[in-house]
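What follows is one structure encoded as structure tokens, with my remarks underneath.
The values are calculated or read from the model by the stated rules, or taken from the named source; none is laboratory data. Note that this is a predicted model, so its numbers are computed, not measured. Ideal geometry is used to build each Cβ from the backbone, glycine not excepted, and the neighbour counts take in all protein chains shown.
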Amino acid sequence: MSKEKAPEGAEPKKGGKMKKLLVLGIGGTALISAGAGAGIYLGGGLGGHEAKPEDNYPKLVVRSEGSEEPAAEGGKEGEGPLKVGTVSVPNDRFKVDPGKYEVTYFPMTEAFTTNLADGSGFLQVGISLSTFYDGKVITNIKRQQTPIRSAVLMTLAEQDPALLSTSQGKQQLQRQLTNAINDVLREKEGFGGVDNVYFTSLVIQ
């Protein structure tokens, strides 16, 4: 018996099916690739990450070589631009190396006056705050001046005048004021950042 010949130009059925499957496979792969690409783009790219609280924390200001003594910020006289930090920290209790980072002094423009704990007289102090962090801390201090002043006055009112007459008593008061101010900033702004409190005047009467 003789086999029938396929019409000229006609392809075997098996080959036609293979081509159809191949076209469908390529089309499906292209759609999957396009979907994955769109997902990466909308998701912020391969390097995208979720925002963390520390992303918005103030940053440490690296000390530049040969820099002059930093001017105080926030006084009544003309204020310069706020400093910009570059070193991120995990929290505001981070141990700062004062040799590596630049300090900024922020003078509180009004003195603090309060009666002493034993009622024997009154205490008046002027203070300046120091920070190794950038201008965000200064901005936070300015924004929270009212609760900060309240916390400072309450701390001063608890002082023993006899203890304040000693250097140890004054150093203890510095630490207490630093903690009180940082507690306010942590509560209101989520970050402290004040390194120390310095007395610009101190009168006991």
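With the condition kept exactly as written, say whether any residue in segment 150-171 is in contact with a strand residue (DSSP E or B) (Cβ under 8 Å, 6 or more places away or on another chain), under 18 Å from LEU202 (Cβ atoms) and in a strand (DSSP E or B). The answer is no; no qualifying residue exists.
One line per residue, one yes/no per condition, for (1) touching a residue at least 24 places away in the same chain (Cβ under 8 Å); (2) under 30 Å from VAL87 (Cβ atoms):
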| position | (1), (2) |
| --- | --- |
| ARG143 | yes, yes |
| VAL152 | yes, yes |
| THR155 | yes, no |
| GLN172 | no, no |
| GLU189 | yes, yes |
| GLY192 | yes, yes |
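Exactly one residue out of THR139, THR86 is closer than 26 Å to ASN56 by Cβ, in contact (Cβ under 8 Å) with a residue 12 or more places away in the chain, out of contact with any Phe, Trp or Tyr (no Cβ under 7 Å at 6 or more places or on another chain) and surrounded by 14 or more Cβ atoms within 10 Å (Cβ to Cβ): that is THR139.
Conditions (1) within 18 Å of THR104 (Cα to Cα); (2) modelled with pLDDT of 95 or more, marked per residue:
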site	(1), (2)
LYS136	yes, yes
ALA157	no, no
LEU173	no, yes
THR178	yes, yes
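Taking the stated definitions as given, is THR166 under 29 Å from TYR101 (Cα atoms) and among the polar types (S, T, N, Q)? Here the answer is no, as THR166 does not meet what is asked. Against the test of being on the phi > 0 side of the Ramachandran plot and at pLDDT below 95, the options GLY193, GLY85, GLY119 yield a single qualifying residue, GLY119.
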